[in-house]
1. For ARG201, what is the net charge nearby, where nearby means another residue's Cβ is under 13 Å from its Cβ and Lys, Arg count +1, Asp, Glu -1?
2. Provide the FRET efficiency to the nearest 0.05 for the ARG185-ARG13 pair, computing r from the beta carbons and using R0 = 45 Å.
3. Starting from the Cα of LYS263, draw a straight line to each of the lysines and keep only those under 21 Å, dropping any in the same chain fewer than 8 residues away.
4. Ordered by residue, what ³J(HN,Hα) values in Hz, to whole numbers, does region 315-325 give under the Karplus form 6.51 cos²θ - 1.76 cosθ + 1.60, where θ = phi - 60° and Gly and Pro are x?
5. Determine Rg/Rh for the chain; Rg is computed over alpha-carbon atoms and Rh is the Kirkwood hydrodynamic estimate from the same atoms.
6. Where Lys and Arg each count +1 and Asp and Glu each count -1, what net charge lies around GLY250 among other residues with Cβ under 12 Å from its Cβ?
7. How many Å² of accessible area per residue for the chain, probe 1.4 Å?
8. If I compute solvent accessible area with a 1.4 Å probe over the protein chains, what percent of it on the chain is carbon and sulfur?
Amino acid sequence: MPPELACFEARCRARFPITEAIYNCPRCGGLLEAVYGAPEHPAAELKTLWRNRRTSNAPLDQSGVWRYRELIPFLDDHRRVVTLREGNTPLLEGPQAAQYGGLDRLTFKHQGFNPTGSFKDNGMTCGVAQALRLGKTRVACVSTGNTSASMAAYASAAGLQPVIFIPHGNIAYGKLAQALEYGARTLQVEANFDQILALVRELAERLGIYLLNSINPFRIEGQKTIMAEMLDQRDWRVPDWVVLPGGNLGNTSAFGKGLREMKDLGLIGRLPRLAVIQAEGSSPFYELWRAREGTQLSAVAHPQTLATAIKIGDPVSWPKALYEVKVSGGVVEKVSEQEIADAKAVIGRCGIGCEPASAATLAGIRKLTAAGVMTDDADVLAVLTGNVLKDPDYIYRYHTGMLEAPDGTRILSNLGNRPEVVSNDAKRIAKLIGG
Ligand code: F0G
(Lines give C-alpha, C1' and ligand atoms only; values in the text may rest on other atoms or scores of the structure.)
Protein backbone atom coordinates (compact mmCIF):
# COMPACT_ATOMS: atom_id res chain seq x y z
CA MET A 1 0.00 0.00 0.00
CA PRO A 2 1.48 3.39 -0.93
CA PRO A 3 1.60 6.03 1.80
CA GLU A 4 -1.59 8.08 2.03
CA LEU A 5 -3.25 10.72 4.16
CA ALA A 6 -6.28 9.43 6.02
CA CYS A 7 -8.96 11.22 7.97
CA PHE A 8 -8.60 10.41 11.66
CA GLU A 9 -12.37 10.41 12.26
CA ALA A 10 -13.61 6.81 12.59
CA ARG A 11 -16.89 7.60 10.81
CA CYS A 12 -15.05 9.08 7.77
CA ARG A 13 -11.56 7.59 7.21
CA ALA A 14 -11.45 9.19 3.74
CA ARG A 15 -8.08 8.74 2.00
CA PHE A 16 -6.08 11.32 0.04
CA PRO A 17 -2.81 11.28 -1.88
CA ILE A 18 0.23 11.84 0.33
CA THR A 19 1.23 14.80 -1.88
CA GLU A 20 -1.85 16.93 -1.16
CA ALA A 21 -1.14 20.09 0.84
CA ILE A 22 -4.10 19.69 3.19
CA TYR A 23 -4.29 19.90 6.96
CA ASN A 24 -7.89 18.81 7.58
CA CYS A 25 -10.11 16.29 5.84
CA PRO A 26 -11.71 18.04 2.84
CA ARG A 27 -14.75 15.81 3.34
CA CYS A 28 -15.53 16.15 7.05
CA GLY A 29 -13.01 18.59 8.50
CA GLY A 30 -11.39 15.94 10.72
CA LEU A 31 -7.68 15.75 11.52
CA LEU A 32 -5.43 13.94 9.06
CA GLU A 33 -2.77 11.29 9.62
CA ALA A 34 -0.23 9.50 7.45
CA VAL A 35 -0.93 5.79 6.91
CA TYR A 36 1.29 3.10 5.40
CA GLY A 37 1.50 -0.57 4.56
CA ALA A 38 3.71 -2.84 6.69
CA PRO A 39 7.51 -2.45 6.30
CA GLU A 40 9.46 -5.13 4.45
CA HIS A 41 11.57 -6.07 7.46
CA PRO A 42 10.32 -8.11 10.42
CA ALA A 43 10.61 -6.53 13.89
CA ALA A 44 13.87 -8.22 14.92
CA GLU A 45 15.58 -7.11 11.71
CA LEU A 46 14.40 -3.53 12.15
CA LYS A 47 15.90 -3.41 15.64
CA THR A 48 19.27 -4.60 14.36
CA LEU A 49 19.16 -2.27 11.36
CA TRP A 50 18.47 0.76 13.56
CA ARG A 51 21.13 -0.20 16.09
CA ASN A 52 23.73 -0.63 13.36
CA ARG A 53 22.92 2.76 11.86
CA ARG A 54 24.20 4.38 15.07
CA THR A 55 27.74 3.68 13.91
CA SER A 56 27.18 5.09 10.43
CA ASN A 57 28.48 8.46 9.25
CA ALA A 58 25.69 8.96 6.72
CA PRO A 59 23.69 12.08 7.68
CA LEU A 60 20.37 10.26 7.41
CA ASP A 61 21.55 7.51 9.77
CA GLN A 62 23.00 10.06 12.20
CA SER A 63 19.60 11.70 12.53
CA GLY A 64 17.64 10.38 15.50
CA VAL A 65 14.55 10.75 13.31
CA TRP A 66 15.55 9.39 9.91
CA ARG A 67 17.45 6.49 11.51
CA TYR A 68 13.95 5.08 12.09
CA ARG A 69 12.78 5.87 8.57
CA GLU A 70 10.99 2.55 8.16
CA LEU A 71 8.46 3.91 10.68
CA ILE A 72 7.87 7.11 8.70
CA PRO A 73 8.00 6.05 5.03
CA PHE A 74 6.09 9.00 3.55
CA LEU A 75 8.90 10.16 1.21
CA ASP A 76 9.84 8.39 -2.01
CA ASP A 77 13.23 10.08 -2.12
CA HIS A 78 15.39 11.00 0.89
CA ARG A 79 18.03 12.92 -1.04
CA ARG A 80 16.66 16.35 -0.23
CA VAL A 81 16.09 15.74 3.46
CA VAL A 82 17.65 18.43 5.65
CA THR A 83 18.90 17.10 8.95
CA LEU A 84 20.58 19.03 11.76
CA ARG A 85 21.15 15.65 13.50
CA GLU A 86 17.93 16.08 15.47
CA GLY A 87 16.90 13.52 18.05
CA ASN A 88 19.80 11.62 19.59
CA THR A 89 18.58 12.93 22.94
CA PRO A 90 19.71 11.19 26.12
CA LEU A 91 17.92 9.22 28.79
CA LEU A 92 18.96 10.71 32.12
CA GLU A 93 18.37 9.42 35.63
CA GLY A 94 17.19 12.01 38.15
CA PRO A 95 17.36 10.49 41.64
CA GLN A 96 16.41 13.72 43.45
CA ALA A 97 13.57 14.26 41.04
CA ALA A 98 12.41 10.67 41.56
CA GLN A 99 12.31 11.23 45.31
CA TYR A 100 10.46 14.52 44.88
CA GLY A 101 7.97 12.79 42.59
CA GLY A 102 7.39 9.94 45.05
CA LEU A 103 9.12 7.34 42.88
CA ASP A 104 11.97 4.89 43.43
CA ARG A 105 13.37 5.77 40.01
CA LEU A 106 12.66 8.30 37.31
CA THR A 107 14.14 8.58 33.84
CA PHE A 108 13.99 11.70 31.75
CA LYS A 109 14.18 11.72 27.99
CA HIS A 110 15.56 15.18 27.44
CA GLN A 111 14.38 16.62 24.16
CA GLY A 112 16.07 19.89 25.10
CA PHE A 113 19.29 18.35 23.74
CA ASN A 114 17.95 18.84 20.21
CA PRO A 115 19.68 21.26 17.78
CA THR A 116 17.25 24.12 18.54
CA GLY A 117 16.61 22.93 22.08
CA SER A 118 13.19 21.33 21.86
CA PHE A 119 11.31 18.26 20.62
CA LYS A 120 9.98 20.30 17.72
CA ASP A 121 13.12 19.46 15.75
CA ASN A 122 12.05 15.81 15.49
CA GLY A 123 8.92 16.85 13.67
CA MET A 124 10.33 19.79 11.77
CA THR A 125 12.87 17.83 9.76
CA CYS A 126 9.90 15.83 8.40
CA GLY A 127 7.62 18.82 7.86
CA VAL A 128 10.31 20.67 5.95
CA ALA A 129 11.13 17.56 3.89
CA GLN A 130 7.48 17.41 2.84
CA ALA A 131 7.46 21.16 2.03
CA LEU A 132 10.47 20.61 -0.26
CA ARG A 133 8.84 17.64 -1.90
CA LEU A 134 5.72 19.71 -2.60
CA GLY A 135 7.85 22.43 -4.19
CA LYS A 136 6.88 25.04 -1.59
CA THR A 137 9.10 28.09 -1.15
CA ARG A 138 7.61 29.54 2.03
CA VAL A 139 6.56 27.89 5.27
CA ALA A 140 4.63 29.38 8.17
CA CYS A 141 3.59 28.60 11.71
CA VAL A 142 2.04 30.17 14.75
CA SER A 143 3.94 29.33 17.84
CA THR A 144 4.36 29.74 21.55
CA GLY A 145 8.06 29.88 20.66
CA ASN A 146 9.67 26.51 20.16
CA THR A 147 7.96 25.61 16.91
CA SER A 148 9.00 28.95 15.46
CA ALA A 149 12.62 28.53 16.56
CA SER A 150 12.71 25.06 15.06
CA MET A 151 10.92 25.95 11.85
CA ALA A 152 13.16 28.97 11.35
CA ALA A 153 16.26 26.79 11.60
CA TYR A 154 15.10 23.94 9.39
CA ALA A 155 13.49 26.18 6.76
CA SER A 156 16.59 28.35 6.48
CA ALA A 157 18.84 25.30 6.32
CA ALA A 158 16.64 24.01 3.48
CA GLY A 159 16.61 27.30 1.57
CA LEU A 160 12.95 27.99 2.30
CA GLN A 161 11.62 31.26 3.66
CA PRO A 162 10.25 30.91 7.21
CA VAL A 163 7.39 33.20 8.26
CA ILE A 164 6.47 32.98 11.90
CA PHE A 165 3.57 34.39 13.88
CA ILE A 166 3.89 34.72 17.63
CA PRO A 167 1.71 36.18 20.37
CA HIS A 168 3.21 39.59 21.11
CA GLY A 169 4.94 39.73 24.49
CA ASN A 170 4.03 36.16 25.34
CA ILE A 171 6.93 34.00 24.34
CA ALA A 172 10.21 33.37 26.12
CA TYR A 173 13.10 35.49 24.92
CA GLY A 174 15.39 32.60 24.10
CA LYS A 175 12.88 31.36 21.54
CA LEU A 176 12.25 34.74 19.92
CA ALA A 177 15.99 35.30 19.74
CA GLN A 178 16.45 31.99 17.91
CA ALA A 179 13.80 32.83 15.32
CA LEU A 180 15.51 36.13 14.57
CA GLU A 181 18.96 34.58 14.43
CA TYR A 182 17.81 31.79 12.09
CA GLY A 183 16.43 34.43 9.73
CA ALA A 184 12.67 34.07 10.05
CA ARG A 185 10.32 36.81 8.98
CA THR A 186 8.84 37.37 12.43
CA LEU A 187 5.39 38.82 13.02
CA GLN A 188 4.37 39.56 16.59
CA VAL A 189 0.58 39.61 16.63
CA GLU A 190 -1.56 41.27 19.28
CA ALA A 191 -3.61 38.11 19.91
CA ASN A 192 -3.26 34.79 21.69
CA PHE A 193 -2.03 31.52 20.16
CA ASP A 194 -5.48 30.18 19.33
CA GLN A 195 -6.59 33.39 17.62
CA ILE A 196 -3.39 33.58 15.59
CA LEU A 197 -3.72 29.96 14.46
CA ALA A 198 -7.07 30.78 12.84
CA LEU A 199 -5.47 33.80 11.17
CA VAL A 200 -2.48 31.86 9.88
CA ARG A 201 -4.60 29.06 8.48
CA GLU A 202 -6.49 31.60 6.40
CA LEU A 203 -3.29 33.31 5.26
CA ALA A 204 -1.54 30.05 4.41
CA GLU A 205 -4.44 29.07 2.19
CA ARG A 206 -4.63 32.46 0.52
CA LEU A 207 -0.89 32.84 -0.08
CA GLY A 208 -0.02 29.20 -0.83
CA ILE A 209 2.36 29.02 2.12
CA TYR A 210 2.92 25.57 3.61
CA LEU A 211 1.68 25.36 7.20
CA LEU A 212 4.01 23.71 9.68
CA ASN A 213 2.00 23.75 12.87
CA SER A 214 1.50 20.44 14.63
CA ILE A 215 -1.76 20.03 12.72
CA ASN A 216 0.62 19.13 9.87
CA PRO A 217 0.59 15.30 9.83
CA PHE A 218 4.24 15.03 8.77
CA ARG A 219 5.44 16.81 11.90
CA ILE A 220 3.54 14.22 13.90
CA GLU A 221 5.37 11.49 11.99
CA GLY A 222 8.73 12.91 13.03
CA GLN A 223 7.71 13.23 16.65
CA LYS A 224 6.77 9.54 16.72
CA THR A 225 10.45 8.72 16.56
CA ILE A 226 10.96 10.18 20.05
CA MET A 227 9.25 7.03 21.33
CA ALA A 228 11.16 4.76 18.93
CA GLU A 229 14.51 6.20 20.01
CA MET A 230 13.52 5.95 23.68
CA LEU A 231 12.66 2.26 23.30
CA ASP A 232 15.80 1.58 21.28
CA GLN A 233 17.84 3.20 24.07
CA ARG A 234 16.09 0.98 26.63
CA ASP A 235 16.70 -2.17 24.55
CA TRP A 236 12.94 -2.19 23.88
CA ARG A 237 11.93 -2.45 27.55
CA VAL A 238 8.56 -0.70 27.71
CA PRO A 239 8.12 1.74 30.62
CA ASP A 240 4.90 1.64 32.67
CA TRP A 241 4.25 5.33 32.11
CA VAL A 242 5.28 8.00 29.63
CA VAL A 243 4.64 11.46 31.11
CA LEU A 244 4.55 14.60 28.96
CA PRO A 245 3.21 18.15 29.05
CA GLY A 246 0.13 18.93 26.95
CA GLY A 247 -0.38 22.13 24.99
CA ASN A 248 -1.65 21.85 21.45
CA LEU A 249 -1.52 18.05 22.00
CA GLY A 250 0.51 17.21 18.89
CA ASN A 251 3.10 15.37 20.92
CA THR A 252 0.50 13.28 22.76
CA SER A 253 -0.97 12.33 19.38
CA ALA A 254 2.46 11.51 17.99
CA PHE A 255 3.58 9.39 20.95
CA GLY A 256 0.30 7.47 20.95
CA LYS A 257 0.40 6.80 17.22
CA GLY A 258 4.05 5.80 17.30
CA LEU A 259 3.58 3.42 20.22
CA ARG A 260 0.51 1.79 18.71
CA GLU A 261 2.26 1.30 15.38
CA MET A 262 5.32 -0.20 17.07
CA LYS A 263 3.05 -2.59 18.95
CA ASP A 264 1.31 -3.57 15.70
CA LEU A 265 4.70 -4.24 14.12
CA GLY A 266 5.68 -6.49 17.02
CA LEU A 267 8.49 -4.19 18.17
CA ILE A 268 6.90 -4.01 21.63
CA GLY A 269 4.42 -6.28 23.37
CA ARG A 270 2.36 -3.68 25.24
CA LEU A 271 1.70 0.05 25.40
CA PRO A 272 2.97 2.31 28.18
CA ARG A 273 0.27 4.45 29.80
CA LEU A 274 0.36 8.09 28.72
CA ALA A 275 0.08 10.76 31.43
CA VAL A 276 -0.54 14.22 29.97
CA ILE A 277 0.03 17.17 32.28
CA GLN A 278 -1.45 20.62 31.71
CA ALA A 279 -0.98 23.94 33.49
CA GLU A 280 -3.99 24.77 35.65
CA GLY A 281 -4.82 28.05 33.90
CA SER A 282 -4.63 26.44 30.51
CA SER A 283 -6.19 23.03 30.95
CA PRO A 284 -9.09 22.39 28.54
CA PHE A 285 -7.90 18.84 27.89
CA TYR A 286 -7.83 18.06 31.60
CA GLU A 287 -11.41 19.36 31.90
CA LEU A 288 -12.50 17.23 28.95
CA TRP A 289 -10.86 14.19 30.53
CA ARG A 290 -12.42 14.87 33.91
CA ALA A 291 -15.86 14.98 32.29
CA ARG A 292 -15.30 11.25 31.60
CA GLU A 293 -18.04 10.88 29.02
CA GLY A 294 -16.97 14.21 27.52
CA THR A 295 -16.77 14.10 23.75
CA GLN A 296 -16.32 17.78 22.94
CA LEU A 297 -13.56 20.03 24.18
CA SER A 298 -14.57 23.43 25.58
CA ALA A 299 -11.90 25.94 24.74
CA VAL A 300 -10.44 28.21 27.41
CA ALA A 301 -10.85 31.71 25.95
CA HIS A 302 -8.03 33.37 27.91
CA PRO A 303 -5.48 30.71 28.89
CA GLN A 304 -2.99 31.75 31.55
CA THR A 305 0.32 30.24 32.61
CA LEU A 306 3.94 31.28 32.99
CA ALA A 307 4.78 28.06 31.15
CA THR A 308 4.15 29.99 27.92
CA ALA A 309 4.98 26.97 25.73
CA ILE A 310 1.71 25.35 26.80
CA LYS A 311 -0.41 28.50 27.04
CA ILE A 312 -3.02 27.17 24.64
CA GLY A 313 -6.77 27.26 25.24
CA ASP A 314 -8.06 25.50 22.13
CA PRO A 315 -5.71 22.62 21.29
CA VAL A 316 -6.25 21.45 17.72
CA SER A 317 -5.14 17.85 18.16
CA TRP A 318 -7.44 17.00 21.08
CA PRO A 319 -9.47 14.28 19.25
CA LYS A 320 -6.29 12.34 18.48
CA ALA A 321 -4.85 12.95 21.94
CA LEU A 322 -8.06 11.84 23.67
CA TYR A 323 -8.04 8.62 21.67
CA GLU A 324 -4.39 7.92 22.49
CA VAL A 325 -4.77 8.57 26.21
CA LYS A 326 -7.81 6.26 26.32
CA VAL A 327 -6.22 3.46 24.28
CA SER A 328 -3.10 3.52 26.46
CA GLY A 329 -5.09 3.44 29.71
CA GLY A 330 -3.59 6.82 30.51
CA VAL A 331 -4.59 9.88 32.51
CA VAL A 332 -4.65 13.67 32.26
CA GLU A 333 -3.62 15.83 35.23
CA LYS A 334 -3.22 19.55 35.86
CA VAL A 335 -0.69 21.38 38.03
CA SER A 336 -0.41 24.87 39.52
CA GLU A 337 2.14 27.57 38.74
CA GLN A 338 3.83 26.99 42.10
CA GLU A 339 4.02 23.24 41.48
CA ILE A 340 5.60 23.79 38.07
CA ALA A 341 8.11 26.29 39.44
CA ASP A 342 9.27 24.06 42.30
CA ALA A 343 9.44 20.93 40.14
CA LYS A 344 11.53 22.84 37.65
CA ALA A 345 14.00 23.86 40.35
CA VAL A 346 14.26 20.21 41.45
CA ILE A 347 15.06 19.14 37.89
CA GLY A 348 17.67 21.88 37.85
CA ARG A 349 19.23 20.58 41.07
CA CYS A 350 19.64 17.21 39.36
CA GLY A 351 22.04 18.99 37.05
CA ILE A 352 19.57 18.47 34.24
CA GLY A 353 17.36 21.56 33.91
CA CYS A 354 14.50 22.28 31.54
CA GLU A 355 12.05 25.00 30.58
CA PRO A 356 8.87 25.60 32.62
CA ALA A 357 6.43 23.57 30.46
CA SER A 358 8.70 20.52 30.70
CA ALA A 359 8.68 20.67 34.49
CA ALA A 360 4.92 20.13 34.48
CA THR A 361 5.85 16.45 34.07
CA LEU A 362 7.53 16.13 37.46
CA ALA A 363 4.84 18.26 39.14
CA GLY A 364 2.26 15.93 37.61
CA ILE A 365 4.11 12.81 38.72
CA ARG A 366 4.19 14.11 42.30
CA LYS A 367 0.42 14.57 42.19
CA LEU A 368 -0.24 11.21 40.56
CA THR A 369 1.86 9.27 43.07
CA ALA A 370 0.24 11.15 45.97
CA ALA A 371 -3.17 10.16 44.58
CA GLY A 372 -2.09 6.52 44.21
CA VAL A 373 -2.58 6.57 40.43
CA MET A 374 1.13 5.92 39.96
CA THR A 375 2.85 3.51 42.32
CA ASP A 376 6.28 4.28 43.78
CA ASP A 377 7.86 1.28 42.06
CA ALA A 378 6.48 2.18 38.62
CA ASP A 379 8.92 2.46 35.72
CA VAL A 380 8.30 6.07 34.70
CA LEU A 381 9.73 7.96 31.76
CA ALA A 382 9.15 11.72 31.67
CA VAL A 383 9.81 13.70 28.53
CA LEU A 384 11.51 17.04 29.11
CA THR A 385 10.42 18.97 26.07
CA GLY A 386 12.66 22.05 26.13
CA ASN A 387 16.09 23.29 27.12
CA VAL A 388 16.79 25.15 30.38
CA LEU A 389 18.10 28.22 28.49
CA LYS A 390 14.87 28.83 26.59
CA ASP A 391 13.47 30.96 29.40
CA PRO A 392 16.24 32.40 31.60
CA ASP A 393 14.07 35.28 32.79
CA TYR A 394 11.72 32.84 34.55
CA ILE A 395 14.66 31.16 36.26
CA TYR A 396 16.17 34.39 37.54
CA ARG A 397 12.85 35.60 38.87
CA TYR A 398 12.12 32.31 40.63
CA HIS A 399 15.47 32.13 42.36
CA THR A 400 15.34 35.76 43.45
CA GLY A 401 11.74 35.67 44.68
CA MET A 402 10.43 37.93 41.93
CA LEU A 403 8.32 35.45 39.97
CA GLU A 404 4.64 36.30 39.80
CA ALA A 405 1.81 34.09 38.57
CA PRO A 406 -0.44 35.56 35.84
CA ASP A 407 -3.04 36.50 38.49
CA GLY A 408 -0.41 38.56 40.31
CA THR A 409 0.25 36.17 43.21
CA ARG A 410 3.90 35.78 44.12
CA ILE A 411 5.42 32.36 43.41
CA LEU A 412 7.27 31.24 46.52
CA SER A 413 10.96 30.75 45.97
CA ASN A 414 10.88 27.43 47.85
CA LEU A 415 14.07 26.15 46.28
CA GLY A 416 15.50 29.58 45.57
CA ASN A 417 19.17 30.17 44.96
CA ARG A 418 19.92 33.86 45.08
CA PRO A 419 23.14 35.24 43.61
CA GLU A 420 25.10 37.30 46.11
CA VAL A 421 26.78 40.58 45.34
CA VAL A 422 30.20 40.84 46.97
CA SER A 423 32.98 43.40 47.02
CA ASN A 424 36.35 42.57 45.52
CA ASP A 425 37.76 41.47 48.84
CA ALA A 426 39.31 38.02 49.23
CA LYS A 427 39.15 38.08 53.02
CA ARG A 428 35.48 38.87 53.15
CA ILE A 429 34.63 36.37 50.44
CA ALA A 430 36.62 33.68 52.22
CA LYS A 431 34.64 34.42 55.38
CA LEU A 432 31.38 34.34 53.43
CA ILE A 433 31.88 31.00 51.75
CA GLY A 434 33.86 29.45 54.62
CA GLY A 435 35.94 26.36 54.35
N1 F0G B 1 6.67 21.65 25.88
C2 F0G B 1 7.24 22.60 25.14
C3 F0G B 1 8.60 23.07 25.53
C4 F0G B 1 6.57 23.14 24.01
O5 F0G B 1 7.17 24.07 23.28
C6 F0G B 1 5.29 22.67 23.70
C7 F0G B 1 4.55 23.20 22.56
C8 F0G B 1 4.74 21.67 24.51
C9 F0G B 1 5.45 21.18 25.59
C10 F0G B 1 3.39 21.10 24.24
O11 F0G B 1 3.41 20.24 23.16
O12 F0G B 1 1.66 21.29 21.77
O13 F0G B 1 2.50 19.01 21.28
O14 F0G B 1 1.09 19.44 23.29
N15 F0G B 1 4.88 24.23 21.91
C16 F0G B 1 4.23 24.66 20.68
C17 F0G B 1 5.00 25.77 20.03
C18 F0G B 1 2.78 24.88 20.78
O19 F0G B 1 4.41 26.59 19.32
O20 F0G B 1 6.22 25.80 20.17
P21 F0G B 1 2.09 19.96 22.31
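The values are calculated or read from the model by the stated rules, or taken from the named source; none is laboratory data. Predicted, not measured: the structure shown is a model, and the values here were computed from it. Note that we place each Cβ from the backbone using ideal geometry, even for glycine, and neighbour counts take in every protein chain shown. The protein model used for the area step is the full one, side chains on, heavy atoms only, and it has no ligands, DNA or RNA in it. Shrake-Rupley method; radii C 1.70, N 1.55, O 1.52, S 1.80 Å.
1. Values: positive: ARG206; negative: ASP194, GLU202, GLU205, ASP314.
Net of charged neighbours comes to -3.
2. Numbers: r = 37 Å, r/R0 = 0.83.
Between ARG185 and ARG13 the formula returns 0.75.
3. Excluding near neighbours in sequence, the set is LYS47, LYS109, LYS224, LYS320, LYS326.
4. Once rounded to whole Hz, the list reads x, 5, 8, 4, x, 5, 4, 4, 4, 5, 5.
5. Values: Rg = 21.3 Å, Rh = 22.0 Å.
With Rh from the inverse mean 1/r over Cα pairs, Rg/Rh is 0.97.
6. Working: positive: LYS120, ARG219, LYS224, LYS257, LYS320; negative: GLU33, GLU221, GLU324.
Overall, the nearby charge balance is +2.
7. Working: 17850 Å² over 435 residues.
With all protein chains present, the chain gives 41 Å² per residue.
8. On the way: 8860 of 17850 Å².
Carbon with sulfur: 50 percent of the solvent-accessible area.
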